[in-house]
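Enquirer: Quick one: the structure is below, and I'll ask about it shortly.
The values are calculated or read from the model by the stated rules, or taken from the named source; none is laboratory data. These numbers come from a predicted model, not from an experiment. FYI the Cβ positions are ideal-geometry reconstructions off the backbone, even for glycines, and counts take in every protein chain you see. Remember, those area values only see protein heavy atoms, side chains included, never the ligands or the DNA or RNA. Shrake-Rupley method; radii C 1.70, N 1.55, O 1.52, S 1.80 Å.
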Amino acid sequence: MTKQMPGAAGDLADQPPSIWSAYSSFGKACAEASPLSARERRLVKLALAIGTNSEEAVPSHTHRARAKGIEDAALHQVALLAIGPLGLPRAVASKTWTEDQ
């Protein structure tokens, strides 16, 4: 699994592997216990990345969502929903980051 992670994240996941294994198991357990669909969880993760203003995580979660077949209109809607709680500048930046993918 760690070989699929790029750069420093993959390196960190390999040192020590037991930490990555525990982290991965936690993520799987959360997904199994979730009342949300896989699509909804993916959109929430994008929203959280937008909320933290992470210029690295927003494109990553956008890419993952597209890989799972989530349409651009839904991704852009998540970015636009940031206007209320986060303000127009953050929403515009997030929409740009989702479009860059």
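Enquirer: Put +1 on the Cβ of each Lys and Arg and -1 on the Cβ of each Asp and Glu in the chain; which of 29, 84, 94 then has its Cα farthest toward the positive end of the dipole?
Expert: So the residue we want is 29.
Enquirer: Here's a follow-up. Give me the angle, in degrees from 0 to 90, between the Cα long axis of helix 17-33 and the longest principal axis of the Cα atoms of the chain, rounded to the nearest 10.
Expert: Compared with the principal axis, the helix lies near 50 degrees.
Enquirer: When ranked by the protection proxy of mean other Cβ atoms within 10 Å per residue, highest first, what sequence do the peptides 60-66, 10-16 form?
Expert: On the way: 60-66: 18.7, 10-16: 12.6.
Descending packing order for the listed peptides: 60-66, 10-16.
Enquirer: If one puts a single equal scatterer on every Cα of the chain and applies the Debye formula without solvent, what log₁₀ I(q)/I(0) results at q = 0.24 Å⁻¹?
Expert: Cα-only, vacuum Debye calculation for the chain: -1.21.
Enquirer: Next question, about the same structure. How large, in percent, is the carbon and sulfur part of the accessible surface of the chain at a probe radius of 1.4 Å?
Expert: Looking at the chain in its full context, I get 61 percent from C and S.
Enquirer: Calculate I(q)/I(0) for the stretch 18-67 by the Debye formula, one identical point scatterer on each C-alpha and no solvent, and give its log10 at q = 0.14, 0.19 Å⁻¹ to two decimals.
Expert: Ignoring solvent entirely, the Cα scatterers give -0.41, -0.73.
Enquirer: Just to confirm, what accessible area per residue do you get for the stretch 43-92 at 1.4 Å probe, in whole Å²? Don't skip to the answer; put the middle values down first.
Expert: On the way: 2860 Å² over 50 residues.
On a per-residue basis, the stretch 43-92 sits at 57 Å².
Enquirer: HN-Hα J couplings of the stretch 74-84 from phi, Karplus 6.51/-1.76/1.60, θ = phi - 60°, integer Hz, Gly and Pro as x?
Expert: Karplus-based 3J(HN,Hα) across the stretch 74-84 equals 5, 5, 5, 4, 4, 5, 5, 5, 6, 4, x Hz.
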